[in-house]
Amino acid sequence: MGAHVSRNDFEWVLTEEPHASRRKIILEKYPEIKKLYGYDPMFKWVVLLMVLTQFAMLPIVQHMSWPVLLVVAYCFGGVINHSLMLAIHEIAHNLAFGHNRPLHNRLFGFFANLPIGIPISISFKKYHLEHHRYQGDEVIDVDLPTLVEAKLFCTTGGKLVWLILQPLFYSLRPLVVRPKPPNPLEVVNLIIQLFFDAIVVKLFGWKVLGYLLFGSFLSMGVHPVAGHFISEHYMFRKGFETYSYYGPLNWITFNVGYHNEHHDFPAVPGSRLPEVRRIAPEFYDNLPQHHSWSSVLYDFVMDPEIGPYARIKRKHAGLKT
């Protein structure tokens, strides 16, 4: 299975997550950044175009063979679906219609969710906002791999398998580590998604639903756009827990690569995050950063110093140390 990772534990720290304090310092120097808060009025139209593109693909993929369908799902449909997942990330921060119209954001999240095939919009929001507030918390932050994952997938081959199965771990980990009772909107999300999936099967067949589902699955594993899952918070440089990527894949991922900027200013929509960096370059240009998400995936698998253990963790408040 290849080389064993050199780490046998996570990187435990006693410091608070860095973004709240940096946000305060930046705003003291550059209060004009607050003018970037709000929502992007073009965002909903971009998402609408992506969803309609997937709708238009359904009768086309209906007549493809399975091998061709899987290639199209990996190279095209999966990219759109992954971008829609990141649109749902924006919607979780109320950046589709603004904080004063939360229901509009939730309803639009249901719509953006349709081509993905499984209901994620409401559940993602429920856990993701805690990831921002309690980054690295051993109990609350479900973005962190579990100890079981770190122990099982600790070799070169194991890390590759872990990347392939990452969609399962990413989706199921919150239900195992920090289960929460479903809220009414999650039930609505589920019903709408199942109804849409049933319509797809009725009109086009199971193969077409497979195109949507496999596209979502494949694009979250060993895929260039999935590199952001690793690049964002895995510790490639000791002591640094959030990393930005400024390459071209930001164009199709709502600038999620500007991840330090996003955690510092989650109220700024992705389209304006480059402006945050432009205003305050001295806070970002000298931080470690990634230049290729594909290289991130390669290094994650091949470098024995990096693996599921390479995450900064903090003891949960109130627990005995």
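Taken as a whole, the stretch 124-131 holds at least one residue that is in a helix (DSSP H, G or I), surrounded by fewer than 21 Cβ atoms within 10 Å (Cβ to Cβ) and among the hydroxyl-bearing types (Ser, Thr, Tyr).
Note on the stretch 17-100: enclosed helices (runs of 4 or more DSSP H) holding 2 or more residues that are in the same structural domain as residue 261 (by the TED database), free of Cβ contacts under 8 Å to residues at least 24 places away in the same chain and under 25 Å from residue 242 (Cα atoms) are 19-29. Looking across the stretch 195-212, just one residue is open to solvent by 80 Å² or more (accessible area, probe 1.4 Å) and either among the acidic types (Asp, Glu) or in contact (Cβ under 8 Å) with a residue 12 or more places away in the chain (or both), and that is 203. Based on what the data block shows, is residue 229 open to solvent by 20 Å² or more (accessible area, probe 1.4 Å), under 11 Å from the mean Cα position of the chain (by Cα), modelled with pLDDT of 95 or more and aromatic (Phe, Trp, Tyr)? Judged against the criteria, residue 229 is a match.
Any residue that is buried (at least 22 other Cβ atoms within 10 Å of the Cβ), part of a loop (DSSP other than H, G, I, E, B) and not small (Gly, Ala, Ser) - is there at least one of those in the stretch 257-265?
yes
Checked against the criteria, residue 114 counts as modelled with pLDDT of 95 or more, within 30 Å of residue 205 (Cα to Cα) and surrounded by 21 or more Cβ atoms within 10 Å (Cβ to Cβ).
The values are calculated or read from the model by the stated rules, or taken from the named source; none is laboratory data. What you see is a predicted model, and the numbers here were worked out from it, not measured in a lab. Note: ideal-geometry Cβ built from the backbone for every residue, glycine included; neighbour counts use all protein chains shown. Accessible surface areas use protein heavy atoms only, side chains included; no ligands, DNA or RNA. Shrake-Rupley method; radii C 1.70, N 1.55, O 1.52, S 1.80 Å.
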